[in-house]
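S.K.: Sending over a structure as C-alpha cells; questions will come in a sec.
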Amino acid sequence: MAVKVRIPTPLQRLTGGKEEVQASPGKVIDIVQELDRQYPGLAERISEGGKIRRFVNIYVNEEDIRFLQAEQTEVKDGDELSIVPAIAGGKERHR
C-alpha cells in the first residue's frame, strides 16, 4: 500500500494534471522531497529549508499537521495527505 496525496489545482500542472498521486510512507517532509523527485518543482512551491511554507496547509487524514508534529508527522500506509494552499481574500468592495 502507499500514501494517497491529494494535489491542489494550482500544482496539478506539475503532476501532469493528476489530482491524486502516490507516495511512500514516511515523514511529511520526506514525502514532499519524494514528490519533488517525481514532479520537479513541487517542493519549492510548498516548502523551504525543510519546513512547510506558512501559506500551505497540509492535512494527514483530515488532521492539520500543525497540531501534530508539523513536518515530522509520520504518514503510514493507507493514509491520505492533502496539500491545501491558503486562500487570501480580495480587496473589500465599497459601494
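Just so you know, all these numbers are worked out from the coordinates, no wet-lab data involved. As the structure is a prediction and not an experimental result, all values here were calculated from the model. Neighbour counts run over all protein chains shown; Cβ positions are idealised from the backbone, glycine included.
S.K.: Checking the structure you have, find out if any residue of segment 62-78 is under 21 Å from Gln12 (Cα atoms) and hydrophobic (A, V, I, L, M, F, W, C).
M.R.: No; the residues of segment 62-78 include none that is under 21 Å from Gln12 (Cα atoms) and hydrophobic (A, V, I, L, M, F, W, C).
S.K.: Mind checking which residues of segment 8-28 are within 22 Å of Glu74 (Cα to Cα), among the aliphatic types (A, V, I, L, M) and free of Cβ contacts under 8 Å to residues at least 40 places away in the same chain?
M.R.: Within segment 8-28, just Val21 meets the criteria.
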